[in-house]
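These notes concern the structure reproduced below.
The values are calculated or read from the model by the stated rules, or taken from the named source; none is laboratory data. On a predicted model such as this, the values are computed, not experimentally measured, just so you know. Counting neighbours? That spans all protein chains shown, and the Cβs are built from the backbone with ideal geometry, glycine included.
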Amino acid sequence: MTEAAPGDDGEPVGDYAAPRGLDALAADLRELRHHAGNPSYAEIALRIDRVRGERGIPAGSARPGRTTVYDAFRSGRRRLDVNLLRDIVRALGGTEDDVEAWTQRHHDLSVEPAPVREPAPEEPEPGESVPEPAPEAEAAPAAAKGDEPPAPRPRLPLPVRRLVAVLVGCVVLNLLGRLLVDTLHLPLYLDMMGTAVSALALGPWWGALVGVSTNVLGEAGSPPGVSSAFTLVNVAGALVWGYGARRFGMARTMPRFFVLNLVAALVCTLVATPTLLVVYGGSVGHSGDELTERVRLGLHSLPAAVLVMNLLTSVLDKLVSGFIGLTTADAIAGPEWRGDDPSRPPDGSSPDVVRSPRVGERILPPEVTGSA
């Protein structure tokens with residue numbers, strides 16, 4: 001039997017198991033798509049068109065619809081076209097051996113054994129006692145401890161090498177933004193663009209990691225303690241963007257994402273203002289100091305002036321960083337991170353019942369077959 005497709009670390013991603021139905025097949029396809037970098041369904045359709053074009057089918061005439069491709073990854077199906085399945089595996093980078101393995105699994109699923117009827121129990125003779133059925137060895141000692149499912153392994157948002165590349169790129173983007181502000185004396189910060197990208201594309205705590213790394217590495221190009229003093233600001237922005245977009249769906253429409261950036265600006269201002277007042281006497285270290293002084297003269301209050309000016313600057317800064325992050329996150333993870341996934345149909349209607357991978361289950365056996 002063909003071995004499972006190797007993952008990024010060279011180890012098999014899954015082992016061949018007995019056919020578990022089309023829902024399991026769909027779950028394995030979703031895992032295969034995850035390991036291929038989560039291309040969008042439209043992108044998979046384009047790849048299938050190219051794959052079929054290589055077989056002599058005119059380009060464009062054999063391209064499946066995006067919804068057709070989506071349906072192949074959806075649980076609750078009763079049929080799955082084997083030819084479409086084969087082309088999906090090719091489009092996601094599978095070899096011909098992998099294609100044949102998925103095809104074999106599809107065939108296995110289409111051949112279901114007939115149910116076996118147990119013979120009816122014989123009638124006891126008159127006067128014969130009927131023995132009590134034995135309890136099956138105490139139900140096999142509570143399914144023996146060794147039969148308990150293993151603890152689930154944490155799943156990375158991207159393959160390891162690509163994840164590292166994205167994280168490093170986000171830190172570099174933050175540092176370049178800060179360098180640009182220092183060079184051109186802009187009344188912005190631009191040191192959270194990479195934080196926004198990672199928080200949206202990967203998750204809030206990955207964004208927090210990028211933020212902490214940025215402020216720690218930023219110490220090399222600033223007076224001691226200046227960069228690290230604002231670490232919590234970067235972390236706060238990452239958590240607002242990450243949880244707001246990924247848990248509360250604030251990135252699914254432009255108006256909601258606009259509001260999310262305003263919330264990020266407000267939270268970052270509330271975190272940054274005490275540091276600016278206590279450590280730096282209200283100075284932000286760039287041309288914004290002149291505006292802060294003018295507002296102070298009008299309000300007759302330095303804390304109020306710092307809060308107002310920092311909020312105004314932060315709103316513009318977070319709008320720029322947020323929308324750069326949104327565009328880049330789509331390029332990295334596809335629009336699926338906003339909710340365009342197999343649990344949400346393309347038309348936005350309520351999903352059918354979707355099977356989630358079992359706890360501890362390792363999926364992606366490339367020895368799969370499509371359904372008829």
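Take segment 165-210 and flag every residue that is among the charged types (D, E, K, R), touching a Leu at 6+ places or on another chain (Cβ under 9 Å) and part of a helix (DSSP H, G or I).
178
Take the residues in segment 141-175 that are surrounded by fewer than 10 Cβ atoms within 10 Å (Cβ to Cβ) and under 14 Å from the mean Cα position of the chain (by Cα); name whichever of them is modelled with the highest pLDDT.
155
Give the residue that is farthest from residue 314 (Cα to Cα), with candidates limited to residues of segment 267-293 that are modelled with pLDDT under 85 and hydroxyl-bearing (Ser, Thr, Tyr).
280
If I filter segment 215-256 down to residues being exposed (fewer than 13 other Cβ atoms within 10 Å of the Cβ) and among the aliphatic types (A, V, I, L, M), which single residue comes out as farthest from residue 157 (Cα to Cα)?
Per the criteria, the residue is 220.
Cβ-Cβ distance below 6 Å, separation of 6 or more or different chains: which pairs start in segment 264-284 with a residue that is on the phi > 0 side of the Ramachandran plot and end on one that is part of a helix (DSSP H, G or I) and modelled with pLDDT under 90?
Partner pairs satisfying both residue conditions: 282/276; 282/302; 282/306.
What is the residue count in segment 251-266 for residues that are over 13 Å from residue 313 (Cα atoms) and part of a helix (DSSP H, G or I)?
Number satisfying all stated conditions: 8.
Condition test on residue 330, is it part of a helix (DSSP H, G or I) and at pLDDT 90 or above? Working first, answer last.
On the way: part of a helix (DSSP H, G or I): yes; at pLDDT 90 or above: no.
It is false that residue 330 is part of a helix (DSSP H, G or I) and at pLDDT 90 or above.
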